[in-house]
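S.K.: Pasting in a structure now, in structure tokens, and then I'll have a few things to ask.
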Amino acid sequence: MSDGNDVQDGGNSNESGWRNAVRRFDDNIDARFTPLRGRREVDRLFYLASEGADYSRAWHVINLAMALFLPSRRRHAVRLAIALGVESAFVNGLLKNVFDRERPEVLPDATFDVRRPKTKSFPSGHASSATLTAVLLSDALPRGRKLWWLLAAIVSASRVHNRMHHPSDVAAGGVLGTIMGRLIKRRFPLP
């Protein structure tokens, strides 16, 4: 089984160079997580982050709390809920099938058993939904901006730590979620 980084360029040296650069990036970032893996508290943090963000649950809980306790932010909550649905359909329903990249190999001695999605690897839906949420929550509740981005970073990093995604999948998901969030803010501005 391929890890999604095999060079199959049919002789195209530009494509080969691009794929090699992605593989080097992935290997370099993944190696930085290796010393952290197996440390129970770090594994627990990243396990909880991955599991909590499955199906955007954490984002929907935060969003629901915002809608319930801050009536002046309800329109922001509706915008975020719709945006998360669109993001999921686009990333998980379309892009992952277009790129068809295999996920990294499972960690044989993982401390916690993280649910392994059946979808393909590129781009990371966890990273795209996390950054989309950070952009829109920063607009709705700007005082919490650092917290929203910290949560997005932890969830995104958890996908590399738990070997659910290649680092380049997470980077692409983060960029995609940020772009989508900014486009939504511009197209549907709220006070």
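S.K.: Which whole-Hz ³J(HN,Hα) couplings does the range 58-74 yield from phi under the Karplus relation 6.51 cos²θ - 1.76 cosθ + 1.60, θ = phi - 60°, glycine and proline marked x?
M.R.: Values, residue by residue: 4, 5, 5, 5, 4, 5, 5, 4, 4, 5, 6, 9, 10, x, 5, 10, 4 Hz.
S.K.: Oh, and also: Hey, any idea what the orientation-averaged projected area of the convex hull of the range 87-144's Cα atoms comes to, in nm²? Don't skip to the answer; put the middle values down first.
M.R.: Numbers: hull surface 21.6 nm².
Hull-based average projected area comes out at 5.4 nm².
S.K.: Give, rounded to the nearest 20 debye, the magnitude of the charge dipole that the chain has about its Cα centre when Lys and Arg contribute +1 at Cβ and Asp and Glu contribute -1 at Cβ.
M.R.: Details: 29 positive and 19 negative charges, 226 e Å.
The dipole magnitude comes to about 1080 debye.
S.K.: How much of the pair distance distribution for the range 35-115 lies past 18 Å, counting alpha-carbon pairs only, in percent? It would help to have the intermediate numbers written out before the result.
M.R.: Working: 1948 of 3240 pairs.
Considering the range 35-115, 60 percent of its Cα-Cα pairs are separated by more than 18 Å.
S.K.: Give me the angle, in degrees from 0 to 90, between the Cα long axis of helix 145-161 and the longest principal axis of the Cα atoms of the chain, rounded to the nearest 10.
M.R.: It is inclined by approximately 30 degrees.
S.K.: Based only on Cα atoms, what mean projected area does the convex hull of the range 103-183 have, in nm²?
M.R.: Working: hull surface 21.8 nm².
Dividing the Cα hull surface by four gives the mean projection, 5.4 nm².
S.K.: Next up: Hey, how many Å between the Cα centroid of the range 77-145 and the Cα centroid of the range 20-55?
M.R.: Their Cα centres are 15 Å away from one another.
S.K.: How many nm is it between the label spots at VAL78 and ASN20, if each spot is 7 Å from the Cα in line with the beta carbon?
M.R.: With each label point 7 Å from Cα toward Cβ, the separation is 5.4 nm.
S.K.: Expressed as a whole percent, how much of the Cα-Cα distance distribution for the range 13-187 exceeds 30 Å?
M.R.: Values: 2892 of 15225 pairs.
So the portion of pairs separated by more than 30 Å is 19 percent.
S.K.: Rounded to the nearest 500, what is the chain's calculated 222 nm mean residue ellipticity when only DSSP H runs of at least 4 contribute -39500 (n - 2.57) each, over all residues? Let's see the in-between values first.
M.R.: On the way: 8 runs with 121 residues, N = 191.
-21000 deg cm²/dmol, from helical runs alone.
All of the numbers you see were taken from the coordinates with simple rules; none came from a lab. These figures come from a predicted structure and were not determined experimentally. All Cβ positions, even for glycine, are placed from backbone atoms using ideal geometry, and neighbour counts span all protein chains on display.
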